[in-house]
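Notes to accompany the following structure.
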Amino acid sequence: MLEQTVIREAPRRTSLARVAVASSMGSIIEFYDFLIYGTAAALVFPQVFFPALGTAAGTLASFGTFAVAFVARPVGAILFGHFGDRLGRKKTLVSTLLIMGMATVMIGLLPDASMIGIAAPIILVLLRFLQGFAVGGEWAGAALLASEYAPPKKRGLYAAFPQLGPSIAFALASGTFLIINLTLGDKSDAFLTYGWRIPFILSAVLVVIGLYIRLKIEETPVFAAETAARGAAPAPRKLPVWDAVRNQPRQILLGGASTMMLFAFFYTGTAFLSAYGTNPEGLAHTRPTILSLGILGAVVFAIGTMASAIISDRVGRRAVIVTSCIIAVPWALVLFPILDIGSTWSFGLGLAGTLLIVGGIYGPVGAYLPELFATRYRYTGAGMAYNLGALVGGGITPLVAASIGASLGSYSIGLLLAGVSVISLLATFGLPETKGISLKD
């Protein structure tokens, strides 16, 4: 009776509309903070923090610091997953937002290599680690916040709202850098001196807004019911991470492998292609051109995310993800030949196509990974799977792409992306369909 009461009353205290706003707003802010680093890593950090290395080596070192966050993400997923499964989704999400905000503002205030020497890139790496640590705990909590409130037949739709975070954040990050770049000038020393810092410092305002929204919501009814049942029949409980690894290791590993493709494509599109497009020895597009096309790509990404999530409520999560992986293979092989045409329209087409495919898998993932795991360790299990995929697909792939692209040519990057897509396809075949299952276990 207590479980039924909790499940019935919680949605009246917190409407589905407020849950959608809270899950998406927090996700937007955290990914904005995360992605402005990627934009800066491509456009600014090689000159600011690694000036002595030259263009190619500086870009590689810059993406090395970018990859540090992906090492931290599984650590964050385990730690915040523990508290999210023990103390609740809401409290944990407030913590991740605070940590991300503080780390991002401190990057904006960090002196460059000309002022403090080698200490600058070292501190940058530490702050980047904190960013990854916070994002590692953010995604699963936001996805669970939406999916555990949503009606079963519309779970894909509601779980897509936090999935809009990266696309909107990419548009905000590109737009902020574009405005600053146009104001200060594409070739201006002011942009390299202090202009790039403004988006990082401004994130403090967004964090305050996000905290206000998240503090207004209640705990999810599914978690509240599980907590009530646990209190009514207390028993020794193991760590959520141990429960998840012992009971569902297959779902963690295959879930991570199934998402590798989306991270490889997403961070190739949002970070690596910014460096590839502005490289003076390559395509040599201007910063405003790349940033403007980034906004266009973000719109396409958002449309693909919502469309695929809605479709997944009709035909199933697995079917949509499999289809996206299949389409990704030939697209990866033609992507760089399209980009290497060298025109503005070809770069825009390449970026938009890449992010559309990302949206095709990212939409259903918001519901799919949480549906794979039991309530008592759902935050931990879904977070571990997601961030393992992020570590390999988003952290290692762009770094390898920067390396092999310089030595073997751009087509080798396409082969790399195609290979990752095949791995994700095979992993998804090994997972069950979850559409319509109950989350109240």
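For region 361-383, how many residues meet the condition of being more than 18 Å from the chain's Cα centre (by Cα) and in a helix (DSSP H, G or I)?
Adding up the residues that qualify gives 5.
Residue 359 is checked against (1) more than 22 Å from residue 158 (Cβ to Cβ); (2) in contact with a Phe, Trp or Tyr (Cβ under 6 Å, 6 or more places away or on another chain); (3) crowded, with 24+ Cβ neighbours inside 10 Å and fails just one. What number does that condition carry?
(1) is the only condition that residue 359 fails.
Mind listing whichever residues of region 173-197 are at pLDDT 85 or above and either surrounded by fewer than 18 Cβ atoms within 10 Å (Cβ to Cβ) or not in a helix (DSSP H, G or I) (or both)?
175, 179
Restricting attention to region 225-243, report how many residues are under 20 Å from residue 137 (Cα atoms) and at pLDDT 70 or above.
5
Please pick out the residue among 133, 170 that is closer than 30 Å to residue 386 by Cα, of a type outside the set (A, V, I, L, M), out of contact with any Cys (no Cβ under 8 Å at 6 or more places or on another chain) and open to solvent by less than 30 Å² (accessible area, probe 1.4 Å).
Being closer than 30 Å to residue 386 by Cα, of a type outside the set (A, V, I, L, M), out of contact with any Cys (no Cβ under 8 Å at 6 or more places or on another chain) and open to solvent by less than 30 Å² (accessible area, probe 1.4 Å) holds for just one of 133, 170, which is 170.
If residue 390 meets every condition in (1) open to solvent by 60 Å² or more (accessible area, probe 1.4 Å); (2) in a helix (DSSP H, G or I) apart from one, which number is that one?
Answer for residue 390: the failing condition is (1).
Quick check: is even one residue across region 403-411 out of contact with any helix residue (DSSP H, G or I) (no Cβ under 7 Å at 6 or more places or on another chain) and of a type outside the set (S, T, N, Q)?
Among the residues of region 403-411, at least one is out of contact with any helix residue (DSSP H, G or I) (no Cβ under 7 Å at 6 or more places or on another chain) and of a type outside the set (S, T, N, Q), which makes the answer yes.
For the subset of region 104-124 comprising residues that are closer than 29 Å to residue 210 by Cα and free of Cβ contacts under 8 Å to residues at least 40 places away in the same chain, which member is least open to solvent (accessible area, probe 1.4 Å)?
It comes out as 110.
Go through region 270-297 and give me each residue that's open to solvent by 20 Å² or more (accessible area, probe 1.4 Å) and either assigned to a helix (DSSP H, G or I) or free of Cβ contacts under 8 Å to residues at least 60 places away in the same chain (or both).
276, 278, 282, 284, 287, 288, 289, 292, 293, 295, 296 - these are the residues of region 270-297 that are open to solvent by 20 Å² or more (accessible area, probe 1.4 Å) and either assigned to a helix (DSSP H, G or I) or free of Cβ contacts under 8 Å to residues at least 60 places away in the same chain (or both).
Return a yes/no flag: does region 26-46 have any residue that is open to solvent by 30 Å² or more (accessible area, probe 1.4 Å) and assigned to a helix (DSSP H, G or I).
The answer is no, given that none of the residues of region 26-46 is open to solvent by 30 Å² or more (accessible area, probe 1.4 Å) and assigned to a helix (DSSP H, G or I).
Would it be correct to say that residue 101 is assigned to a helix (DSSP H, G or I), open to solvent by less than 70 Å² (accessible area, probe 1.4 Å) and more than 26 Å from residue 398 (Cβ to Cβ)?
No; evaluated as a whole, the condition is false for this residue.
Tell me, yes or no, whether region 257-264 has at least one residue that is part of a helix (DSSP H, G or I), within 28 Å of residue 77 (Cα to Cα) and open to solvent by 10 Å² or more (accessible area, probe 1.4 Å).
Looking for residues that are part of a helix (DSSP H, G or I), within 28 Å of residue 77 (Cα to Cα) and open to solvent by 10 Å² or more (accessible area, probe 1.4 Å), one finds at least one in region 257-264, hence yes.
With the condition kept exactly as written, say whether any residue in region 310-318 is open to solvent by less than 50 Å² (accessible area, probe 1.4 Å) and within 19 Å of residue 166 (Cβ to Cβ).
yes
If you go through region 430-441, how many residues are hydrophobic (A, V, I, L, M, F, W, C) and within 23 Å of the chain's Cα centre (by Cα)?
Number of matching residues: 1.
Suppose we filter region 393-441 for residues that are outside any helix (DSSP H, G or I), of a type in the set (A, V, I, L, M, F, W, C) and open to solvent by 50 Å² or more (accessible area, probe 1.4 Å); how many remain?
Of the residues in that region, 1 qualify.
The values are calculated or read from the model by the stated rules, or taken from the named source; none is laboratory data. Fair warning: this is a prediction, and the values are worked out from it, not measured in the lab. As a convention, Cβ positions derive from the backbone with ideal geometry for all residues, glycine included, and neighbour counts pool all protein chains shown. Ligands, DNA and RNA are stripped out before the accessible areas are found, and what is left, the full protein with its side chains, is counted by its heavy atoms. Shrake-Rupley method; radii C 1.70, N 1.55, O 1.52, S 1.80 Å.
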